[in-house]
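Below is one structure; the comments refer to it alone.
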């Protein structure tokens, strides 16, 4: 009985490792909404290329367990390091047969499909491993952030705009288009009269902030501790 069990286990592993097991493979390309660096696990295979896009050709159709760990890219001298790992996705993705799927993880950490196209892969030879090695996106995309001159102009525009509701709209538009630093978010909060609007802008700006590890300094832009608590709960909910 033990020998039969071991034989079944062996052949099940071989079955999952060979591309010949399915005649109609698919291809999956996946990235994050802000093109941040991440590592990915599909099934029991883990890929640690620290890139912002992965492409898996000759992927077996069906349900695949996918886990994604997001990283912050920080320059260190002439090179880069990847810090603050954060699991942002852990769920099953269903891939139909013979399709080329492009998908991404949105701001709310949900998988979204962009497009499906027919995929005509050449059948793999018996005994050939599945070709599921990730293909990085060249070159690496990194948001630059709002320049000093643009930030000064934005603050001047907000201070010269009537009504907090209009200031909120302008701030959101600028933040989404430029990306910002934690310090810039803190400075922007002083342009709003109402605490509720400060909190709304701080929540909105977090996904567009380049140095999220410094977001604690945004707390100095609030008048009440309750706002700091609500911002903290919002950020933790995103995690």
- Item | Highest to lowest packing among 201-212, 36-47, scored as the average C-beta count within 10 Å | 201-212, 36-47
- Most exposed to least, judged by fewest other Cβ atoms within 10 Å, 172, 186 sort to 172, 186
- Query: When only Cα pairs under 8 Å and 6 or more residues apart are kept, what is the percent relative contact order across the range 156-219?
  - Reply: 41 percent
- Message: Could you list 217, 236, 146 so that the one with the fewest beta carbons within 10 Å of its beta carbon is first and the one with the most is last?
- Response: 236, 217, 146
- Would you kindly compute the Cα radius of gyration of the range 22-74 and its largest Cα-Cα separation (Dmax), both in Å? 12.0, 43
- Message: How large is the Kirkwood hydrodynamic radius of the range 18-118, counting all unique pairs of alpha carbons, in Å?
- Response: 14.3 Å
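With only alpha-carbon pairs counted, each pair once and no self-pairs, how large is the Kirkwood hydrodynamic radius of the range 148-238 in angstroms?
Numbers: mean 1/r = 0.0772 Å⁻¹.
Computed over Cα pairs of the range 148-238, the Kirkwood hydrodynamic radius comes out at 13.0 Å.
Each value in this text was obtained by applying a stated rule to the coordinates, not by laboratory testing. Quantities reported herein were computed from a predicted structural model and do not represent experimental measurements. Counting neighbours? That spans all protein chains shown, and the Cβs are built from the backbone with ideal geometry, glycine included.
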